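To start, the structure under review is shown below, and the notes come after it.
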Amino acid sequence: AMISMRQLLDHAAEHGYGVPAFNINNMEQLLGIMAAARRTDSPVIIQASRGARAYANDLMLRRMMEAATEIHPDIPVCLHQDHGEQPATCFSAIQMGFTSVMMDGSLEADGKTPASYQYNVEVTRKVTELAHAVGVSVEGELGCLGSLESGHGEQEDGHGATGKLSREQLLTDPAQAADFVAATQVDALAVAIGTSHGAYKFKSKPTGEVLAMDVVRAIHERLPNTHLVMHGSSSVPEDLQAEFNKWGGEMPQTWGVPVEEIQRGIKIGVRKINIDTDCRIAMTAQLRRIATEKRGEFDPRNFLKPAMAELEKLCARRFEEFGTAGQA
Ligand code: G3H
Ligand code: 13P
Ligand code: NA
Ligand code: ZN
């Protein structure tokens with residue numbers, strides 16, 4: 001059934017597990033993720049970016065979600081707007097049947113300039129006031145995502161870096177987080193702890209605690225009832241990179257967020273873990289493989305079936321790793 005993110009994550013908090021939020025743009029991604037959720041008995045967050053809504057058409061997304069919940073009636077699922085850049089985006093998502101929205105007021109509406117704290121509070125509060133009136137949950141974001149390694153922030157689309165940001169800008173301030181949640185009443189809060197979007201997160205293999213887990217701990221202590229969200233949480237596994245490159249892909253060596261680091265986060269209050277890049281690589285590596293191995297193949301299903309199967313495998317692994325499995 002489609003439920004709100006508040007309902008879904010309250011259960012996760014009560015039982016101490018994390019829920020992956022996977023991005024979708026098409027039917028194959030949705031089917032692959034739902035098959036994994038079914039196979040492992042996991043609740044799941046399906047999210048659509050503005051780009052996804054433009055790509056697939058709002059009505060297609062909505063009807064696909066309705067179909068998915070009819071096919072899998074026992075899987076608790078929520079449909080979440082990923083990175084709404086202004087209140088209007090969140091409002092149209094709510095109109096379209098999304099059960100959760102992210103108002104990302106950490107950047108101005110241009111998606112580039114780090115926004116003032118006051119601006120962030122204003123736009124986010126505007127969204128929670130309306131969303132809560134109709135039973136929809138809200139995720140806010142405080143602090144700018146970016147690399148502690150390079151000191152660069154990132155653009156909102158995850159591509160390319162902005163100028164250097166200070167360590168203060170790159171990490172969410174726990175005292176300000178408490179003030180932000182009191183002022184906006186968000187259900188979930190995306191925190192800046194050193195993750196960034198896309199495949200190129202770390203230039204060398206991360207060892208030990210690579211993210212600012214002390215910041216997560218401090219925020220969770222002040223805000224035990226606010227669900228913490230980790231964006232940019234793809235692990236960019238070496239075996240997926242190798243598979244992609246084996247079939248003619250050209251992905252320079254890179255490192256993502258180690259799964260153990262996410263598991264540490266879940267122990268101290270992280271409840272929603274955003275993953276898109278890993279899913280993209282898993283699927284596209286298979287499209288490359290079929291294109292290379294079966295050069296006469298032209299039935300798209302014979303490309304998309306193995307791509308879906310790989311996505312399902314990856315998602316099932318994450319459900320197990322995050323403790324989501326068995327919680328549906
Ligand atoms: O945060 C970005 C997500 O990976 C979605 O990416 O805006 O290209 O759809 P997108
Ligand atoms: P990745 O690029 O690490 O998969 O992050 C996705 C994300 O944060 C979507 O909001
Ligand atoms: Na989001
Ligand atoms: Zn994100």
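A few points about this structure:
- Candidate lysines for bridging to residue 201, where Cα separation is under 22 Å - those fewer than 8 sequence places away on the same chain excluded: 112, 164, 246, 272
- Model label sites at residue 149 and residue 205, defined 7 Å from Cα along the beta-carbon direction, differ in position by 1.3 nm.
- For 6, 217, order by how many other beta-carbon atoms lie within 10 Å, fewest first: 217, 6
- Fully extended contour minus Cα-Cα distance, from residue 250 to residue 119, at 0.36 nm per residue: 43.1 nm
- If you run the Gaussian network model on the chain, springs between alpha carbon atoms under 10 Å, then out of 102, 251, 283 the most flexible one is 251.
- Mean separation of Cα contacts under 8 Å (6+ apart) over length of the stretch 5-321, as relative contact order %: 18 percent
- FRET efficiency for the residue 134 to residue 259 pair, using the beta carbon distance and R₀ = 41 Å, is estimated at 0.70.
- Mean separation of Cα pairs under 8 Å and 6 or more residues apart, divided by the residue count, gives the stretch 199-267 a relative contact order of 52 percent.
- Sorted fewest first by neighbouring Cβ atoms within 10 angstrom, 247, 255 come out as 247, 255.
- Extension reserve of the residue 112-residue 67 stretch, reckoned as 0.36 nm per residue once the Cα distance is removed: 12.6 nm
- Normalised by the number of residues in the stretch 4-90, the average gap of Cα pairs under 8 Å and 6 or more apart makes the relative contact order 35 percent.
- The stretch 2-112: equivalent-ellipsoid semi-axes (sqrt of 5 x gyration tensor eigenvalues, Cα, Å): 23, 17, 12
- Across 259, 44, 216, mean-square fluctuation computed from a Gaussian network of the chain (C-alpha pairs under 10 Å connected) peaks at 259.
- Proportion of all alpha-carbon pairs of the chain beyond 39 Å (%): 7 percent
- The stretch 257-328: trypsin sites (Lys or Arg not before Pro) falling in loop per DSSP and having at most 12 other Cβ within 10 Å: 294, 295
- Gained length - residue 293 relative to residue 178, 0.36 nm times residue gap less alpha-carbon distance: 36.0 nm
- Residue list for the stretch 15-32, given a label point 7 angstrom along the Cα-to-Cβ vector of residue 309 and an amide N cut-off under 15 Å: 32
We did not get these values from a lab; they are worked out from the coordinates using the rules stated. Please read all numbers here as calculations on a predicted model, not as lab measurements. Every residue, glycine among them, receives a Cβ derived from its backbone with ideal geometry; neighbour counts consider all protein chains shown.
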